[in-house]
Every structure is written in structure tokens, then in C-alpha cells.
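Chemist: Here you go, one structure.
The values are calculated or read from the model by the stated rules, or taken from the named source; none is laboratory data. Note that this is a predicted model, so its numbers are computed, not measured. Counting neighbours? That spans all protein chains shown, and the Cβs are built from the backbone with ideal geometry, glycine included.
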Amino acid sequence: MGKFYITTPIYYVNGKPHIGHAYTNIAADVLSRYHRMIGDDVKFLTGTDEHGKKIAEAAAKNGLAPQQFVDELSAQFQTAWDSLDISHDQWIRTTDAQHEEIAKEFLNKLHDGGHLYKDEYEGLYCVGCEAYKTESELVDGLCPDHKVAPIKLKEENWFFKLSAFNDKIKSLIESGEFVVEPESRRNEILAMLERGMNDIPISRKDVEWAIPLPFDEEQTCYVWIEALMNYVSAINVFGDDGEFEKWWPANVQIMAKDILKFHAIIWPAMLMAVDLPLPKKVFAHGFFTIDGQKISKTIGNVIDPIDWSTKYTSDAVKYFLLREIPFGGDGDVSETRMNERYGSDLANGVGNLFSRVLALSSKQVFHTAYGEDASEFEKLVNEIWSNYDSQMDALAFHDCLANIWKLVSHCDGYIEQNKPWELAKNDESRYFIVLTHLLESLRHIGWMIYPFMPQTGESILQQLGVFDTEKEEELKNIRKWGKMNGDITLQKAQPLFPRIED
Ligand code: MSP
């Protein structure tokens, strides 16, 4: 088995986490849990981006010193991820001493390697984006995302020779050595590289809440440059404890399309400049709106991930977001859709199937027995598992869930066809066969949904009495059809998805 290093963006702590941030962490959580399930050694890194003007301004607005402010906000992000049962292995903050130290070392290497030069920057900067803007990116003179005019900067800065890496990155993407997905986003990045990247400023003159440049005390590091370094400072890139060699290159780095350019162009160039390998894959998912509108504090449509997981359970929130929007595309979410999916797919879908099957087979020692029509199930289950792996590799979570639900529907149809409640009265041996097929299918469903909905998956498997014995087993054994055998005693089912109280 291999290692799997996965990262999410580190989120700005200028406000509370919202469901948009949660989306990326949920996806990373599912992939991490899947890789743990197949026996990989996993490191899932997430955390908070805490420097820069935007954060300093937010702290001032709240009447707090920046450090105190980021301490509080970073803790709020952790609480939100706890409420969603996110299984990250490491939490990085850019105010961590280790990060600051390594960032300085990285900057020194860029400087010593001749990749930086000092020049005058004259142009526009949007504090909301913490990014340099061109006139052509503005709409009516305003940043289209923040609806504010960018500030005009004219200052001496250190520049990074990004242009020198332009063609190399382009050919690595074209050859597939450096994977940028999905395809549409890859094409956008290639088009940008085709037009050619300019060198970029990597320092600022009057931003105090930032890491000072080790070779120029009048300047601090531009927040994005420093933030990108988190992916390797977390694993002690220049240290000798073996952490870096163990984990790098990252297997996949996930983010939304808004910040793909930083991850697919600037980040690889920075790595190449200090002779480090590139991540294997960067994947940009889409952006979603809520009730058709951009997530915005002014509109007031911000969904707090803690509220939703309290109301619907973290499992249901994870299921909903990944089932509702094809990963990679844009989409819309709404509470109405959340309720619909909770009802149709969860409570009346897998939840109902589970309680029906357990109600039909509990209260007695159950003799498992497989019949001739088991082959239909076996074929379907094998097909689903084989799609499952390729869908996980492609981060096609919605397809993977739809794939699992084929088995749920198949079981529902099988119950209607075979009417086990009648068989119980007049054909006991057939009754045991029919229920064995259903219970064995539920065992597969339990494992299949486990990375997506760990609590539900565990609950199904516990109630079937197999979780504790199977969880240490290799997945290839667990995936075999017909593993449930002998006499089993089942409990009365606990509802998996109880009715939501408003
Ligand atoms: N701090 C930078 C990232 C530095 S990474 C080295 C940043 N932070 S952010 O707080 O603005 O987070 C942006 C990310 O949040 C997006 O890339 C995406 O992962 C997630 N999302 C925020 N809103 C979202 C939606 N409405 N829809 C989907 N993802 C969303 O950029």
C-alpha cells in the first residue's frame, strides 16, 4: 500500500467558515477516508491563512490585535470541521513558528538562487482577493467578486521570475506529468500559459501583519506566496526528519476554480525554483451559489456548516453537497434541495431499506443461505466496486454515490418482487435466501458509503454485527460477495436518518 498526501486551501480567517469552505474539506475528507480504507498511509492537511492586509483590517474592525483575532477565528474553523466530522491529520496555521521559519528559508532560497529581483510595481491590488489585478479583470472599475475599487499601488517590490518557468510548466501539463483537472480548467490554465505569464511581485512595502523578508527588512512577504508554502512547511521541507521525503509530492491538492491559477502556475514555479518536485495533481472544483445567489454576508444567505450539521447530521450534509453538485462543475444549493434529498435518498432511501430488512430478519437467530439468484447481486456488487475505484480516482463523487444507490434501488425492487413477509409464512428456506441477499447487500452498502458517511456506514455495519471484525481486514476481502455466513443474530434497527425537527 502506498502513501496519500492530500491538501485543501488554507482559509482566510477574516470571517466565520461557511458552507463553501466546508465543501472542499468534505471532498478531501471523503478521499482521505477512502484511501485509509484501501490501506494507504494518509496525511490530510488543512488549516488557516492568517496574514495579510485583509485579516489585519478585519481584526481592527473587531477591535482586536491581529494575533488574538486569528486565534479566535482559527479555532472557529476547527470547531466547524469537528462538527462536520472532518478527519484531517494536521492543522496548519501560517502564524505557526515552524511555518514562519520555513517560509523565510524558502524565500532565502529563491533569493539566493537568483529568482528574485527588485523593481517598481505600479498597478492595482484588491485587498478582498489579496491579489494584483489588471484593468481587464475589472467590471466598471470594480473587482467583480468584491464590488470594490482596487487600490492603486506604486512601490518598490521584490519580483519573482515567474516568466522563466512558463514554458516548462506548460509542457509538464501537456505531457501529463503534472496533472491539472478537470479538463476545462486545464485548458484555461494552458491558455494562460500560451499567452505567457509576467513576473509577479512577491513582497509588499506597508503590510505589517506578514512575514518579513529575511533579506530586506523593509518588505514583507506577499500573503499568497507565503500561504502556498504551507503545503511543504507542514511537512518540514528543509528538515532532516524524513517527513518531507515520506509525503511529498502531494498526491492531490484540491481547491476551487477561484484560486487554481495560484496552484497550477505560481506554486509549481516556486517549487521548480527551489528544485522540488511538483504535486502529482491539482484539482479545481466549481463554485456554488445558494438559492441562485453568490454566498454573501450582505445578501445574508451564508449557511453555517455547524447549523446544518446539527440539524441534519454531518453525514447528511456531506452526502447532500457531494451528491447535489458534480464535483468540478458549478452548482446551486438550497435548504429545499437539502430537505428533498434527505427525505428521498437518505430517510426513505437507504434508511428505509435498512430498517425494513432488519425488521424482517431480526428477533431471531438468522440462518444465512445463498440462492441461485445471488449471482445477479454478485454481478452488480462487483460492477459497483470496480466503478467505485475509478470514480474515486477521478474525484467523481456524485457518480460514485449514484453508483452505490443502484444497489439500494436493486434491493428495493427485490423486496417488492419477493415479498419476504409472505415467504416468512409459507416458504421458510426461500425467506432465508432472500434476506441473506439483502443483508449481504447492506453489508456492501455499509462499506461503500463509509468514506462518505462514516457514522452511517459504521452504524449499518455495527448493527449487522460485522464492523469490528471487518474493519482491520483488507478491502479486497470485504468486497467479496457472500462473506456474510453462518448464523447471525441481529438487533432491531436504530433509524439511520430520523425525521428532521424544524
Ligand atoms: N487563503 C486563500 C487560499 C490559500 S491556499 C494556499 C483563500 N482562502 S479563502 O478563504 O478565500 O478560501 C477559498 C476556497 O474556499 C475556495 O478555493 C474553495 O475551496 C472554498 N470556497 C469558498 N466559497 C466557495 C463556494 N461558494 N463554492 C465552492 N467553494 C468555495 O483563497
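Chemist: Within region 185-225, take every residue that is small (G, A, S) and part of a loop (DSSP other than H, G, I, E, B) and give me the one that is nearest to G123 (Cα to Cα). Spell out the reasoning first.
Modeler: Of all residues in region 185-225, those small (G, A, S) come to 191, 196, 203, 210.
Next, only the ones that are part of a loop (DSSP other than H, G, I, E, B) stay: 196, 210.
Values: G196: 18, A210: 21 Å.
So, considering only residues that are small (G, A, S) and part of a loop (DSSP other than H, G, I, E, B), the one nearest to G123 (Cα to Cα) is G196.
To keep it simple, each residue is scored yes or no on (1) at negative phi; (2) more than 10 Å from the ligand (Cβ to nearest atom); (3) assigned to a strand (DSSP E or B).
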site	(1), (2), (3)
F262	yes, no, no
I265	yes, yes, no
L271	yes, yes, no
P277	yes, yes, no
A284	yes, no, yes
S296	yes, no, no
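Chemist: If you don't mind, another one. Are any of the residues in region 230-238 among the polar types (S, T, N, Q), in a loop (DSSP other than H, G, I, E, B), more than 16 Å from the ligand (Cβ to nearest atom) and within 27 Å of I92 (Cβ to Cβ)?
Modeler: Keep residues of region 230-238 that are among the polar types (S, T, N, Q), which gives 230, 233, 236.
Those still in the list that are in a loop (DSSP other than H, G, I, E, B) too: 236.
If we keep only those that are more than 16 Å from the ligand (Cβ to nearest atom) as well, we get 236.
Subsequent filtering for residues that are within 27 Å of I92 (Cβ to Cβ) retains 236.
Yes - at least one qualifying residue is present in region 230-238.
Chemist: Sticking with this one: Given the structure, is I225 farther than 22 Å from K43 by Cβ, in contact (Cβ under 8 Å) with a residue 12 or more places away in the chain and hydrophobic (A, V, I, L, M, F, W, C)?
Modeler: On the way: farther than 22 Å from K43 by Cβ: yes; in contact (Cβ under 8 Å) with a residue 12 or more places away in the chain: yes; hydrophobic (A, V, I, L, M, F, W, C): yes.
Judged against the criteria, I225 is a match.
Chemist: Name the helices (runs of 4 or more DSSP H) wholly within region 439-502 that hold at least 1 residues that are touching a helix residue (DSSP H, G or I) at 6+ places or on another chain (Cβ under 8 Å) and touching a residue at least 60 places away in the same chain (Cβ under 8 Å)?
Modeler: Values: elements: 454-463, 467-470, 475-478.
In region 439-502, 454-463, 475-478 are the helices (runs of 4 or more DSSP H) which contain 1 or more residues that are touching a helix residue (DSSP H, G or I) at 6+ places or on another chain (Cβ under 8 Å) and touching a residue at least 60 places away in the same chain (Cβ under 8 Å).
Chemist: How many of the residues in region 381-398 are surrounded by 17 or more Cβ atoms within 10 Å (Cβ to Cβ) and in a helix (DSSP H, G or I)?
Modeler: Just the residues of region 381-398 that are surrounded by 17 or more Cβ atoms within 10 Å (Cβ to Cβ), to begin with: 381, 384-385, 387-388, 391-392, 395-398.
If we keep only those that are in a helix (DSSP H, G or I) too, we end up with 381, 384-385, 387-388, 391-392, 397-398.
The total comes to 9.
Chemist: Here is a follow-up. Taking I169 and the conditions (1) touching a strand residue (DSSP E or B) at 6+ places or on another chain (Cβ under 7 Å); (2) surrounded by 16 or more Cβ atoms within 10 Å (Cβ to Cβ); (3) of a type outside the set (S, T, N, Q), which numbered condition does it fall short on, given that it satisfies the others?
Modeler: (1)
Chemist: Restricting to region 252-282, give me the number of residues that are farther than 20 Å from C129 by Cα and either touching a Gly at 6+ places or on another chain (Cβ under 9 Å) or among the hydroxyl-bearing types (S, T, Y) (or both).
Modeler: The total comes to 3.
Chemist: Looking at (1) touching a Phe, Trp or Tyr at 6+ places or on another chain (Cβ under 9 Å); (2) in a loop (DSSP other than H, G, I, E, B), can you tell me which one H146 breaks?
Modeler: Every listed condition holds for H146 apart from (1).
Chemist: Then there is this: Counting only residues that are among the small types (G, A, S), give me the helices (runs of 4 or more DSSP H) lying completely in region 48-116 with at least 3 of them. Write out each step before concluding.
Modeler: Working: elements: 53-61, 66-83, 97-112.
In region 48-116, 53-61, 66-83 are the helices (runs of 4 or more DSSP H) which contain 3 or more residues that are among the small types (G, A, S).
Chemist: Name every residue in region 298-316 that is in a loop (DSSP other than H, G, I, E, B), more than 13 Å from the ligand (Cβ to nearest atom) and either touching a His at 6+ places or on another chain (Cβ under 9 Å) or closer than 30 Å to L496 by Cβ (or both), in order of residue number.
Modeler: D304, T313
Chemist: While we're on this one: In region 81-94, what residues are of a type in the set (S, T, N, Q), surrounded by 18 or more Cβ atoms within 10 Å (Cβ to Cβ) and closer than 18 Å to I235 by Cβ?
Modeler: So the first thing to find is which residues in region 81-94 are of a type in the set (S, T, N, Q), and the list is 83, 87, 90, 94.
Then keep just the ones that are surrounded by 18 or more Cβ atoms within 10 Å (Cβ to Cβ); that gives 83, 94.
Residue satisfying the conditions is T94 alone.
Chemist: Of everything in region 1-55 that's charged (D, E, K, R) and within 30 Å of L213 (Cβ to Cβ), which residue is surrounded by the most Cβ atoms within 10 Å (Cβ to Cβ)? Full working, then the answer.
Modeler: Taking region 1-55 first, the residues charged (D, E, K, R) are 3, 16, 29, 33, 36, 40-41, 43, 49-50, 53-54.
Imposing the further condition that a residue be within 30 Å of L213 (Cβ to Cβ) reduces the set to 43, 49-50, 53-54.
Details: K43: 22, D49: 26, E50: 29, K53: 19, K54: 22.
The extreme case among them is E50.
Condition check ((1) among the aliphatic types (A, V, I, L, M); (2) more than 16 Å from the ligand (Cβ to nearest atom)) across all residues:
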site: P17; (1), (2): no, no
site: I26; (1), (2): yes, no
site: D29; (1), (2): no, no
site: S32; (1), (2): no, no
site: K43; (1), (2): no, yes
site: E50; (1), (2): no, no
site: V70; (1), (2): yes, no
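Chemist: Note down all Cβ pairs under 7 Å where the first residue falls in region 128-144 and is modelled with pLDDT of 90 or more, the second is surrounded by 18 or more Cβ atoms within 10 Å (Cβ to Cβ) and of a type in the set (G, A, S), and they're at least six residues apart or on different chains.
Modeler: These pairs meet every condition: E130/G52.
Chemist: Now for a different question. Evaluate region 170-184: report whether one residue or more is at pLDDT 95 or above, assigned to a helix (DSSP H, G or I) and in contact with a Phe, Trp or Tyr (Cβ under 7 Å, 6 or more places away or on another chain).
Modeler: Residues of region 170-184 at pLDDT 95 or above: 170-184.
Filter once more, keeping what is assigned to a helix (DSSP H, G or I): 170-175, 183-184.
Still in the running and in contact with a Phe, Trp or Tyr (Cβ under 7 Å, 6 or more places away or on another chain): 172.
Yes, there is a match, as at least one residue in region 170-184 is at pLDDT 95 or above, assigned to a helix (DSSP H, G or I) and in contact with a Phe, Trp or Tyr (Cβ under 7 Å, 6 or more places away or on another chain).
Chemist: What are the pairs with Cβ atoms under 8 angstrom where one residue, in region 238-264, is farther than 22 Å from I26 by Cα and the other, located anywhere, is more than 8 Å from the ligand (Cβ to nearest atom) and among the polar types (S, T, N, Q)? Sequence gap at least six, or different chains.
Modeler: As it stands, the answer is E243/N236; F244/N236, since those pairs meet every condition given.
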